[in-house]
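For reference, the structure discussed in these notes is given below.
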Amino acid sequence: MNSSHDSSAELFRHWGLYDRIIMGNHMRHQQMALAVAQAARVLNEPCRVLDLGCGDGQLAAMALQTIPCASWHGVDLSRAALDSAPQLLPSQTTIQFTEGHLTTVTHQLAEQWLQGQSTPPNLLLASYALHHLSQSQLQQTLSDLACVPKPRVFCWIDLYTAENESREDWLKRFHTTALPSWSNLTPAEISEVIAHMQTSDFPVTESRRVELGTQFGFQSHEVLFRDDFYLASLFR
């Protein structure tokens with residue numbers, strides 16, 4: 001499987017479609033924002049967020065409304081989305097963003113953390129991004145995130161498949177049971193979402209997520225939110 005992070009950025013290149021997905025809460029952004037806030041409260045100190053695949057920062061902005069946030073570093077392929085982020089995030093937060101592939105950027109940051117060249121984050125956030133990576137890129141990214149010294153938490157928000165469910169069966173289940181409720185999207189937009197999923201979405205099961213987290217040194221897996229398609233996991 002090749003990386004599809006580039007193609008995922010193409011789908012949301014104007015962000016209007018993704019805005020409507022968020023407005024409809026189709027991917028449970030409201031619930032996920034509460035999950036991120038819950039993860040941040042574990043720290044008992046102002047959070048320093050590394051937001052991988054951040055888009056325009058809407059999820060972080062929703063989550064951090066009531067959470068002290070010292071800094072936010074967003075990573076995304078879409079420059080247009082990154083340019084919108086400062087308008088959404090709390091004004092007192094120090095904002096930094098990097099345009100680039102999340103695996104490459106995370107590896108560069110990990111080298112800086114290990115050499116003491118930059119202050120590491122304490123809240124690692126990956127929302128609807130890791131399922132676009134190849135297995136080798138996913139493992140590299142998790143390995144680099146694990147370099148962040150404790151105390152830190154990792155909030156992994158993403159699609160997931162049922163145990164022993166093939167990707168084809170997952171796609172069929174999503175298309176037949178989830179997409180019909182996305183009523184604020186046009187038929188053309190639904191077709192665009194389907195085409196994107198078929199080429200770019202490769203989620204893992206919950207057990208595989210836990211296995212990967214444990215493999216790379218994360219512990220204390222806790223489910224913050226789960227429904228039939230979306231899962232928010234907290235690792236420490």
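What follows is calculated from the coordinates using simple rules that are stated; it is not laboratory data. Since this is a predicted model, take the numbers as computed values, not measurements. Note: ideal-geometry Cβ built from the backbone for every residue, glycine included; neighbour counts use all protein chains shown.
Share of antiparallel DSSP beta bridges in the range 5-235, in percent to the nearest 5?
Details: 10 of 32 bridges.
About 30 percent, rounded to the nearest 5.
Applied to the range 172-178, the Karplus parametrisation 6.51 cos²θ - 1.76 cosθ + 1.60 on θ = phi - 60° returns per-residue 3J(HN,Hα) values of 5, 5, 5, 5, 8, 10, 9 Hz, with x for Gly and Pro.
Can you tell me the equivalent ellipsoid semi-axes for the range 137-236? Use √(5λ) from the Cα gyration tensor, largest first, whole Å. Before the final figure, lay out each step's value.
Values: eigenvalues 172, 36, 35 Å².
Here the semi-axes work out to 29, 13, 13 Å.
Once the chain from Gln198 to Ala80 is taken as fully extended at 0.36 nm per residue, the excess over their C-alpha distance is 40.0 nm. Two numbers describe the Cα atoms of the range 67-200: Rg and Dmax, which are 17.6, 51 Å. Largest GNM mean-square fluctuation among Leu185, Leu224, Leu123, using the chain with Cα springs under 10 Å: Leu185.
Rounded to the nearest 10 degrees, the inclination of helix 79-88 to the longest alpha-carbon principal axis of the chain is 70 degrees. The length gained on full extension between Ser143 and Arg167, counted as 0.36 nm times the residue separation minus their Cα-Cα distance, comes to 6.1 nm. Computed over Cα pairs, the Kirkwood radius of the range 5-235 leads via Stokes-Einstein (1.002 mPa s, 20 °C) to a diffusion coefficient of 120 µm² per second.
For Asp83, neighbours were defined as the other residues whose beta-carbon sits under 11 Å from its Cβ, and their charges (Lys and Arg +1, Asp and Glu -1) total -2. Could you work out how far helix 29-41 tilts from the main Cα principal axis of the chain, as a 0 to 90 degree angle to the nearest 10? Orientation of helix 29-41: about 20 degrees from the principal axis.
Taking every DSSP helix (H) stretch of at least 4 residues in the chain, weighting each as -39,500 (n - 2.57) and dividing the sum by the residue count yields a mean residue ellipticity at 222 nm of -13000 deg cm²/dmol. About the centre of its Cα atoms, the chain shows a dipole size close to 520 debye [charges on the beta carbon of Lys, Arg (+1) and Asp, Glu (-1) only; nearest 20 debye]. Compared with the dominant principal axis of the Cα atoms in the chain, helix 102-114 is inclined by about 10°.
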